[in-house]
Amino acid sequence: MNKCKLAVVDDHVVVLDGLKTMLAAFPHLEIVHTAQSGVALLNYLETSTPDVLLMDIQMPGIDGIDLCKQVLKKCATIKIIAFSSFDDSNYVKQIFRNGAKGYLIKNSDKHTIVKAIDTVMEGEEYIDDTIKKILLQESITGQRRSIFDVPLTKREKEILKLVADGLTSQEIADKLFINQRTVETHRMNINQKLDVKNTVGLVKEAIKRGLIE
């Protein structure tokens, strides 16, 4: 059986290392390249063509949605599987419209990941069972849903609303009668929970998830 050549792009080293460890037990799979940005991946594709690409969606520079189109423009034969912490149906629909063949949630176990890779290699599409349930619920109710609730505290929600209103950390601190360092800590925690890098990304993701209007 020929080995499936895998490339992985994710801006978190811990994810790349984790995938290497998880997939090492499967001899028919070989990770031939890892990249931490879309630009680095596109440079690699100038000279090499893997069979399957596991791709994070939210990365600095080129996000996965746009990267999907660019990768397939370079190498139409690559089978792309989105590998994301997001279960939002918007991401799923966009990435498939742009040519992806699969969608996995990052907390998937190694057997699920391998099943997804084997499925797309056989010419079929793969959608995580979690995502299938969400899409089914949405088709029935007509409302977007997520089974991964964002566990923001009451204070974090309060600060998120003020950030969206355009207040600086100092202005938020003055308004809530707390110190600026406390505000910055809350903002860092909110960013981590929503998996965003900056204020613009925070507001966009909060609106998308219905946390603010």
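Summary table below
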item	result
Scope the stretch 131-164; condition part of a loop (DSSP other than H, G, I, E, B) and either under 20 Å from the mean Cα position of the chain (by Cα) or at pLDDT 90 or above (or both); matching residues	Arg144, Arg145, Ser146, Ile147, Phe148, Asp149, Val150, Pro151, Leu152
Test set (1) of a type outside the set (Lys, Arg); (2) modelled with pLDDT of 95 or more; (3) under 16 Å from Leu16 (Cα atoms) - Ser37 fails condition number	(2)
Scope the stretch 41-65; condition surrounded by 15 or more Cβ atoms within 10 Å (Cβ to Cβ) and either modelled with pLDDT under 95 or within 13 Å of the chain's Cα centre (by Cα) (or both); matching residues	Leu54, Met55, Asp56, Ile57, Gln58, Met59, Ile62, Asp63, Gly64, Ile65
Tally, over the stretch 173-191, of residues that are part of a helix (DSSP H, G or I), out of contact with any helix residue (DSSP H, G or I) (no Cβ under 8 Å at 6 or more places or on another chain) and farther than 29 Å from Gln58 by Cβ	1
Residue match in the stretch 19-28 (condition: of a type outside the set (A, V, I, L, M, F, W, C) and under 14 Å from the mean Cα position of the chain (by Cα))	no
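The values are calculated or read from the model by the stated rules, or taken from the named source; none is laboratory data. Since the structure is predicted, the reported quantities are computational estimates derived from the model, not experimental observations. All Cβ positions, glycine included, derive from the backbone under ideal geometry; neighbour counts span all protein chains shown.
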